[in-house]
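Q: Supplied in structure tokens, the structure appears directly below.
The values are calculated or read from the model by the stated rules, or taken from the named source; none is laboratory data. Not measured: the values here are computed from a predicted model. No Cβ is skipped: glycine too gets one built from the backbone with ideal geometry, and neighbour counts run over all protein chains shown. Ligands, DNA and RNA are stripped out before the accessible areas are found, and what is left, the full protein with its side chains, is counted by its heavy atoms. Shrake-Rupley method; radii C 1.70, N 1.55, O 1.52, S 1.80 Å.
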Amino acid sequence: MLTEDNKYTQYLGDRKFRPESLMMSYGYKPELSQGAIKSPIFQTSTFVFEKAEDGKAFFELAYGLREKGEKEEMGLIYSRLNNPDLEILENRLCLWDDAEEAAVFASGMAATSTTLLALLNPGDVILHSEPIYGGSDYYIKNILKKFGITAVGFKANATAEEVDKIIQEKNIGGKLAMIFIETPANPTNHLVDIQACADLAKKYSTVDKKVLLTVDNTFLGPVFQHPLKHGADLIIYSATKFIGGHSDLIAGACLGSAALMKQVKGMRTFSGSMASPWDGWMMMRSLETLKIRMERMAKNAAVVADWLVKHPKVEKIHYLGMLEDNAQQKAIFEKQCLAAGSMIAFDIKGGEAEAFKFLNNLKLIKLAVSLGGTESLAEHPASMTHSDITPADRAEMGIGENMVRLSIGVEHPEDLIADMEQAFAAV
Ligand SMILES: *Cc1c(COP(=O)(O)O)cnc(C)c1O
């Protein structure tokens, strides 16, 4: 269990240790687990109370029946409510984004669906950027509709003025409850201005109703983008991607203020969408190498992008490290992104046939959806991840039949280039 004092071991006198220095130890007390240097996997459904009074006290806190005492610790009850592997992981996740609280989930979709269900009510409007992850898109447009919540979209590369115009023209300002954005957008890498969205949320907030800004930070976070610093209220992750980082688990996370996370965690308790102890333990192991993985992958992606942009069979490249010809996007990048990350999309000369030829001939790079793992992956958005979007909408979003999306891993970049060279040769 965490205690207040070991929650603050991130300080050495005045020095605040950086997150990467704390991922191996933060929030874990070896003396409570036979001195084991790593947290055991607490593969247990329930926890034994020492005495009935403890059980009563823990439930009072868990169900919010009274406020927590100053020195009081929340005890362990049942693994749907809390579990040491999840609590330690959540405390570690908070460090990267400087968040007060985090909750981990069985998937990125569980994080998204639970958070939206916790914070939206019938009659509300949710304004969202487009394109967003297909699952989130479906949930927002089709599932929330059943609960009387209306979705209104805006293009990821729209300006703040254009977004405000949509709010005014559709006359939704009074009902607006949340702005939900995904930046950079998948697969186009279009950036949405977090701070401009936070300003819009503030503009349409009233004393009775605060408009919340939620950012899906899966593509650059938690190392290269920190939305809370730019005014966001909540961050969502598919931890399946960079946080898990080895393509061997499905998980998600949500982070934000203690007050908002109390509502999110309450909904998680009742929807049962928490992560399992085993996945929590796996993610703790992953977090130890999160920064070096993401840095190496970003470095590799820069090498690959430099090569791709010059390739005669490449028509256009969509990569955050190459925004020279787009001042609006470049300005947003400089404001909110710490690096270009490891996602690259490119348009091959030709159409679907040429894209498929390229994909079918890759040897080292695997043909699969998902991203953010140690191995490089390639896929065809128009017929795979984004195939449920109408061709007209895809065209407007800039997702062509000739687009290939790459997630660059930790391999040697020259091996990746050699693989792509021979795949291009087959086209
Ligand atoms: C994968 C992904 C999700 C969904 O996460 P799951 O873990 O697959 O449920 C949400 N948002 C983004 C940006 C993603 O890439």
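Q: In the stretch 133-171, which residues are more than 25 Å from the chain's Cα centre (by Cα) and part of a strand (DSSP E or B)?
A: none
Q: Still on this model: Can you tell me which condition LEU127 does not meet? The list is (1) closer than 25 Å to LEU371 by Cβ; (2) touching a residue at least 12 places away in the same chain (Cβ under 8 Å), and all the others hold.
A: Exception for LEU127: condition (1).
Q: Can you tell me which residue is farthest from the ligand (Cβ to nearest atom) among those in the stretch 178-199 that are in a loop (DSSP other than H, G, I, E, B) and not aliphatic (A, V, I, L, M)? Break it down stepwise before answering.
A: Our first condition is that a residue be in a loop (DSSP other than H, G, I, E, B); within the stretch 178-199, this holds for 183-193.
When the remaining residues are screened for being not aliphatic (A, V, I, L, M), the result is 183-184, 186-190, 193.
Working: THR183: 10, PRO184: 9, ASN186: 6, PRO187: 10, THR188: 13, ASN189: 12, HIS190: 13, ASP193: 18 Å.
Restricting to residues being in a loop (DSSP other than H, G, I, E, B) and not aliphatic (A, V, I, L, M), the top hit is ASP193.
Q: Condition check: in the same structural domain as TYR237 (by TED's automatic domain parsing), in contact (Cβ under 8 Å) with a residue 12 or more places away in the chain and farther than 20 Å from ALA258 by Cβ. Does ALA106 satisfy that? Give the derivation first.
A: On the way: in the same structural domain as TYR237 (by TED's automatic domain parsing): yes; in contact (Cβ under 8 Å) with a residue 12 or more places away in the chain: yes; farther than 20 Å from ALA258 by Cβ: yes.
When the stated conditions are applied, ALA106 passes them.
Q: Then there is this: Mind listing whichever residues of the stretch 200-227 are modelled with pLDDT of 95 or more, part of a loop (DSSP other than H, G, I, E, B) and within 16 Å of the ligand (Cβ to nearest atom)?
A: ASN217, THR218, PHE219, LEU220, PRO222, VAL223, PHE224, GLN225
Q: State which residue is least open to solvent (accessible area, probe 1.4 Å) when the search covers only the stretch 53-78 and only residues that are touching a Ser or Thr at 6+ places or on another chain (Cβ under 8 Å) and assigned to a loop (DSSP other than H, G, I, E, B).
A: Looking at residues that are touching a Ser or Thr at 6+ places or on another chain (Cβ under 8 Å) and assigned to a loop (DSSP other than H, G, I, E, B), I get ILE77.
Q: Further question: May I ask you to list the residues in the stretch 339-398 that are β-branched (Val, Ile, Thr) and open to solvent by 10 Å² or more (accessible area, probe 1.4 Å)? I'd like the intermediate steps shown before the answer.
A: Here is the first cut: in the stretch 339-398, the residues β-branched (Val, Ile, Thr) are 344, 348, 365, 369, 374, 385, 389-390.
Correct list: VAL369, THR374, THR385, ILE389, THR390.
Q: So, in the stretch 401-427, exactly how many residues are assigned to a loop (DSSP other than H, G, I, E, B) and among the aliphatic types (A, V, I, L, M)?
A: 4
Q: List pairs: first in the stretch 216-228 and in the same structural domain as GLU101 (by TED's automatic domain parsing), second within 12 Å of the ligand (Cβ to nearest atom) and part of a helix (DSSP H, G or I), Cβ under 9 Å, 6+ apart or cross-chain?
A: Pairs found: ASP216/GLY108; ASP216/THR112; ASP216/SER136; THR218/GLY108.
Q: I'd like to check something: does the stretch 380-392 contain any residue that is assigned to a helix (DSSP H, G or I) and either farther than 23 Å from ASN217 by Cα or in contact (Cβ under 8 Å) with a residue 40 or more places away in the chain (or both)? Explain how you work it out, then say what you get.
A: Taking the stretch 380-392 as the starting set, the residues that turn out to be assigned to a helix (DSSP H, G or I) are 391-392.
Imposing the further condition that a residue be either farther than 23 Å from ASN217 by Cα or in contact (Cβ under 8 Å) with a residue 40 or more places away in the chain (or both) reduces the set to 391-392.
Among the residues of the stretch 380-392, at least one is assigned to a helix (DSSP H, G or I) and either farther than 23 Å from ASN217 by Cα or in contact (Cβ under 8 Å) with a residue 40 or more places away in the chain (or both), which makes the answer yes.
Q: Looking at this structure, is GLN328 at pLDDT below 95 and either surrounded by fewer than 16 Cβ atoms within 10 Å (Cβ to Cβ) or of a type outside the set (Ser, Thr, Tyr) (or both)?
A: yes
Q: On to the next question. If ILE292 passes every condition in (1) under 23 Å from ALA251 (Cα atoms); (2) surrounded by 15 or more Cβ atoms within 10 Å (Cβ to Cβ) but one, which one does it miss?
A: (2)
Q: To continue, here is another question. Between a residue in the stretch 360-378 that is acidic (Asp, Glu) and any residue that is away from the ligand (no atom under 12 Å from the Cβ) and open to solvent by 80 Å² or more (accessible area, probe 1.4 Å), which pairs come within a Cβ distance under 8 Å, given they are 6 or more apart or on different chains?
A: GLU375/LYS366
Q: Filter the stretch 91-128 for residues that are within 11 Å of the ligand (Cβ to nearest atom) and of a type in the set (Ser, Thr, Tyr); which is least open to solvent (accessible area, probe 1.4 Å)?
A: It comes out as THR112.
Q: Within the stretch 217-228, identify whether any single residue is crowded, with 22+ Cβ neighbours inside 10 Å and among the small types (Gly, Ala, Ser), and answer yes or no.
A: Yes, because at least one residue in the stretch 217-228 is crowded, with 22+ Cβ neighbours inside 10 Å and among the small types (Gly, Ala, Ser).
Q: Taking the criterion of being in contact with a Cys (Cβ under 7 Å, 6 or more places away or on another chain), part of a helix (DSSP H, G or I) and not polar (S, T, N, Q), would at least one residue in the stretch 262-278 satisfy it? Don't jump to the end; show me each part of the working.
A: Step one: list which residues in the stretch 262-278 are in contact with a Cys (Cβ under 7 Å, 6 or more places away or on another chain), which gives 264.
Add one more test, that the residue is part of a helix (DSSP H, G or I), and what stays is 264.
Next, from what is left, pick out any that are not polar (S, T, N, Q): 264.
Yes, the stretch 262-278 has at least one match.
Q: Condition (residue is aliphatic (A, V, I, L, M), closer than 29 Å to LYS68 by Cα, surrounded by 24 or more Cβ atoms within 10 Å (Cβ to Cβ) and within 15 Å of the ligand (Cβ to nearest atom)) applied to the stretch 245-265: is it met by at least one residue?
A: Yes - at least one qualifying residue is present in the stretch 245-265.
Q: Within the stretch 297-317, identify whether any single residue is hydrophobic (A, V, I, L, M, F, W, C), open to solvent by less than 20 Å² (accessible area, probe 1.4 Å) and closer than 14 Å to GLY221 by Cα, and answer yes or no. I'd like the intermediate steps shown before the answer.
A: So in the stretch 297-317, the residues hydrophobic (A, V, I, L, M, F, W, C) come out as 297-298, 301-305, 307-309, 314, 317.
Filter once more, so that each one left must be open to solvent by less than 20 Å² (accessible area, probe 1.4 Å): 297-298, 301, 304-305, 308, 314.
Retained after the next criterion (residues that are closer than 14 Å to GLY221 by Cα): 297-298.
Yes: one or more hits.
Q: Run LEU320 past the list (1) more than 30 Å from ASP85 (Cα to Cα); (2) within 25 Å of the chain's Cα centre (by Cα); (3) loosely packed, with under 15 Cβ neighbours inside 10 Å; (4) at pLDDT 95 or above and report the number of the one that doesn't hold.
A: Tallying (1) more than 30 Å from ASP85 (Cα to Cα); (2) within 25 Å of the chain's Cα centre (by Cα); (3) loosely packed, with under 15 Cβ neighbours inside 10 Å; (4) at pLDDT 95 or above, LEU320 fails exactly one: (3).
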